[in-house]
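The values are calculated or read from the model by the stated rules, or taken from the named source; none is laboratory data. Because the structure is a prediction, the values reported are computed rather than measured. Every residue, glycine as well, gets a Cβ built from its backbone with ideal geometry; the counts of neighbours run over all protein chains shown.
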């Protein structure tokens, strides 16, 4: 009895499961992680055709699910230089999602994201050792207070 890694679909065509990984991904919301060009922690870039398939527009907020039940919300930007099944994100976003370059993430619409009214930024003890002076002037003053995200 021969146990080959083959199956037939409803049309009668024979599929070879040993080469199935080489086929393109069928789910349009599953994208391959690629290196970002811009170093913004809240923005990811996708090809415009990919954004159209996902019904996302420039500036939309959406949910990205990574590994180990990790997810984050980012802002979508179109990038013609990005390949079609890929999503470009910087190292901070990849670390938050626990993914590496070449891993697959899933993208989901998240239309009901509320604007924040207040942000509390608290330092960790080990990060401010040896820092003298005002922490606001040293770390936060250069961030535009009126920037809308």
| Hey, does region 106-124 have a residue that's surrounded by 11 or more Cβ atoms within 10 Å (Cβ to Cβ), under 12 Å from residue 29 (Cα atoms), touching a helix residue (DSSP H, G or I) at 6+ places or on another chain (Cβ under 8 Å) and at pLDDT 95 or above? | no
| request: Report yes if residue 56 is within 10 Å of the chain's Cα centre (by Cα), free of Cβ contacts under 8 Å to residues at least 60 places away in the same chain and over 14 Å from residue 34 (Cα atoms), otherwise no. | output: no
| task | State all residues of region 33-59 that are closer than 24 Å to residue 115 by Cα and either in contact with a helix residue (DSSP H, G or I) (Cβ under 6 Å, 6 or more places away or on another chain) or assigned to a loop (DSSP other than H, G, I, E, B) (or both); if no residue qualifies, say none. | result | 38, 39, 40, 41, 42, 54, 55, 56, 57, 58, 59
